Amino acid sequence: NSSCTRASVVPPIGFSPTLRVQFIHKDDDDFSSPFPMANTCINSIKLPLHTSYQVFKEKFDFALGNTYGFGRA
C-alpha cells in the first residue's frame with residue numbers, strides 16, 4: 001500500500017487528485033515534526049528534510065511501522 005493514497009495499485013486512469021510530494025525544510029512553518037505526514041484524502045505526502053539519508057530513513061521507517069488508521073503518518 002502507498003502511504004500517500006493507501007492504494008495497492010495505481011488505478012488505470014491515475015489518481016484524482018494527482019499525487020503530490022512536498023519537501024519540508026526546518027525553517028518552514030509546516031515543519032512541525034521530523035516524521036513524514038500523509039493525507040490520503042488529497043493524495044499528498046510531506047517529507048521533512050534531514051541532515052542525512054540515514055536519519056531520514058530511520059524517521060520514515062519508524063513512522064510507517066508505528067502508524068495505524070487515520071492521523072499523522
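When region 7-16 is filtered for residues that are surrounded by fewer than 10 Cβ atoms within 10 Å (Cβ to Cβ) and within 18 Å of Cys41 (Cα to Cα), the ones remaining, listed by number, are Ser8, Val9, Pro11, Ile13, Gly14, Ser16. Within region 19-33, the set of residues being farther than 29 Å from Ser8 by Cβ and either buried (at least 17 other Cβ atoms within 10 Å of the Cβ) or touching a residue at least 12 places away in the same chain (Cβ under 8 Å) (or both) comprises His25, Lys26, Phe31.
Scanning region 40-58 for residues that are polar (S, T, N, Q) and touching a residue at least 24 places away in the same chain (Cβ under 8 Å) yields Thr40, Asn43, Ser44. Candidates are the residues of region 34-66 that are among the charged types (D, E, K, R) and surrounded by 16 or more Cβ atoms within 10 Å (Cβ to Cβ); the one that is farthest from Phe23 (Cα to Cα) is Lys59.
Since every read-out is calculated from the coordinates, none of them should be taken as a lab result. Model, not experiment: these values are computed from the prediction. For neighbour counting, all protein chains shown are included, and Cβ atoms are generated from backbone atoms with ideal geometry for every residue, glycine included.
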